[in-house]
Amino acid sequence: MSSRIYGGDAADAQRATRLSPEAIRARKGGEPVVCLTAYTAPRARIMDPHVDLILIGDSVAMTLYGMKSTVGISLDAMILHGRAVAGAASHACVVLDLPAGTYEDSPEQAVASARRAMEEAGVDAVKLEGGVDMAPQIKAIVDAGIPVMAHVGLLPQSVEKLGGYKVQGKSDEGAAQLVEDAKAVEAAGAFCVVVEATVESVAVQITHAVGIPTIGIGASAECDGQVLVSDDMLGLHGNNVPKFVKLYADLEGVIGEAVAAYAKEVRARAFPTAAQTYARKPGAKH
Ligand code: KIV
């Protein structure tokens, strides 16, 4: 399993300094894997030294573009965000989410989309949503030499089918299916698996049932790692965040205060001052 064949020498040079998917896989049962989403170069640059894995999540559809769900963002748009993040990250493993409609139809479609992500964005791996039903797609992508992060539990791309953003694994049948899903993505070759919004005991069961790291989001502290949408934990996504989000900052408040201070100074002609303007220098030619 190597990503070093996609995207040319420049992409390979950047990948060489970053944590590889193999290194993430080796963290099973060890030091927790720290993951966050990022969609832009500045956010990736700030996060990179602190995290092990940066996910260009299709949550960008909602956080940045204000869409109602993650369905609707294009692969072209994801690749642009992926290129920005991969270009700014030199430490963390960089994973790009394949958006809805770009992999479900067939293993061939999935491989073509994953190849584009690796070649055009220069990321280290791709992520896709689904368990038993997506195992053939995962296997085909891995067989093409591209590492895959899987995603089971609540699948935001299938939220219509699931009847909304609901906690998964409440029934015995549902819990057993989630364990089967996780085992299937491991058998297909995924290097790790996101477990989203499940009953806690089910996330623990999955973590014990598979030999790849489980990355929890609304799952359990016993998972092998954790991921959050960075806009949520930084307080940039309004008040409408799920129970599993903890606010580590209030950037909406910070930005609001800064903008209000700027507006006040502009209206009072207190900005700009001499410190922000260019004086003419005697004898200057231009
Ligand atoms: O799109 C995303 O941000 C994700 C995370 C919630 C895991 O898939």
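Does any residue of region 11-25 turn out to be out of contact with any helix residue (DSSP H, G or I) (no Cβ under 8 Å at 6 or more places or on another chain), part of a helix (DSSP H, G or I), within 14 Å of Met149 (Cβ to Cβ) and within 15 Å of the ligand (Cβ to nearest atom)? Yes; the residues of region 11-25 include at least one that is out of contact with any helix residue (DSSP H, G or I) (no Cβ under 8 Å at 6 or more places or on another chain), part of a helix (DSSP H, G or I), within 14 Å of Met149 (Cβ to Cβ) and within 15 Å of the ligand (Cβ to nearest atom).
Taken over region 246-264, the criterion of being among the charged types (D, E, K, R), under 23 Å from Gln226 (Cα atoms) and out of contact with any Gly (no Cβ under 7 Å at 6 or more places or on another chain) is satisfied by Lys246 alone. When Lys243 is tested against (1) of a type in the set (Lys, Arg); (2) more than 24 Å from the chain's Cα centre (by Cα); (3) in a loop (DSSP other than H, G, I, E, B), exactly one condition is not met: (2). Evaluate the following for Arg45: is it under 15 Å from Val85 (Cα atoms), away from the ligand (no atom under 14 Å from the Cβ), in contact (Cβ under 8 Å) with a residue 12 or more places away in the chain and surrounded by fewer than 24 Cβ atoms within 10 Å (Cβ to Cβ)? For Arg45, the condition - under 15 Å from Val85 (Cα atoms), away from the ligand (no atom under 14 Å from the Cβ), in contact (Cβ under 8 Å) with a residue 12 or more places away in the chain and surrounded by fewer than 24 Cβ atoms within 10 Å (Cβ to Cβ) - is met.
Checking each residue in region 87-122 for being over 16 Å from Ala150 (Cβ atoms), more than 14 Å from the ligand (Cβ to nearest atom) and buried (at least 24 other Cβ atoms within 10 Å of the Cβ) picks out Ala89, Ala92, Met118, Ala121, Gly122.
Specify which of the listed residues (Ser230, Ser220) is among the polar types (S, T, N, Q), in contact (Cβ under 8 Å) with a residue 40 or more places away in the chain and either out of contact with any Cys (no Cβ under 6 Å at 6 or more places or on another chain) or within 16 Å of the ligand (Cβ to nearest atom) (or both). So the residue among Ser230, Ser220 that is among the polar types (S, T, N, Q), in contact (Cβ under 8 Å) with a residue 40 or more places away in the chain and either out of contact with any Cys (no Cβ under 6 Å at 6 or more places or on another chain) or within 16 Å of the ligand (Cβ to nearest atom) (or both) is Ser230.
For region 221-241, which positions are under 18 Å from Tyr165 (Cβ atoms), at pLDDT 95 or above and touching a Ser or Thr at 6+ places or on another chain (Cβ under 9 Å)? Result: Val227, Leu228, Val229, Asp231, Asp232.
The values are calculated or read from the model by the stated rules, or taken from the named source; none is laboratory data. Owing to the predicted nature of the structure, the values given are computational and were not obtained by experimental measurement. With ideal geometry, Cβ positions are generated from the backbone for all residues, glycine too; neighbour counts draw on all protein chains shown.
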